[in-house]
Amino acid sequence: MKKESGDPRSKGMINIQIQKNSVGFQLDSYVENTKKDLIILREKDNEIVLSEKTNKNSTFIMTKKNKKYFLKSNFINKTVGENGTYELFKQ
């Protein structure tokens with residue numbers, strides 16, 4: 001997706017649903033449509049570290065800073081072909 005950043009088809013949406021006993025991750029774009037079941041590895045005041053159930057090296061780090069939420073993930077970096085931090089919006 002990196003090479004097509006000016007193309008509207010290169011845009012995507014990340015959806016994370018955190019419930020009591022489960023965490024669902026979904027990445028939807030023109031190129032990728034991926035769903036993963038995640039687990040919570042650890043929680044701190046302003047950070048939650050998640051991983052895939054089947055691969056604990058595949059991490060998703062959610063942080064809160066100045067009332068905004070951000071996501072970093074080595075899984076997403078590998079999938080989209082670039083390193084990035086994504087701002088999340090609570091719905």
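List the lysines whose Cα sits under 21 Å from the Cα of Lys36, skipping any in the same chain fewer than 8 residues away. Partners within reach: Lys11, Lys20, Lys53, Lys56, Lys72, Lys78, Lys90.
If you wrap the chain in the convex hull of its Cα atoms and look at it from every side, the mean projected area works out to 6.3 nm². Summing charges over neighbours of Val23, with a neighbour being any other residue whose Cβ is under 12 Å away from its Cβ, gives +1 when K and R count +1 and D and E count -1. Considering helices alone, the calculated mean residue ellipticity of the chain at 222 nm is -2000 deg cm²/dmol, with DSSP H runs of length four and up weighted by -39500 (n - 2.57) and normalised per residue.
The numbers here are math on the coordinates, done by the rules we state, and not lab data. Quick caveat, the model's predicted, so the values are computed rather than measured. Every residue, glycine as well, gets a Cβ built from its backbone with ideal geometry; the counts of neighbours run over all protein chains shown.
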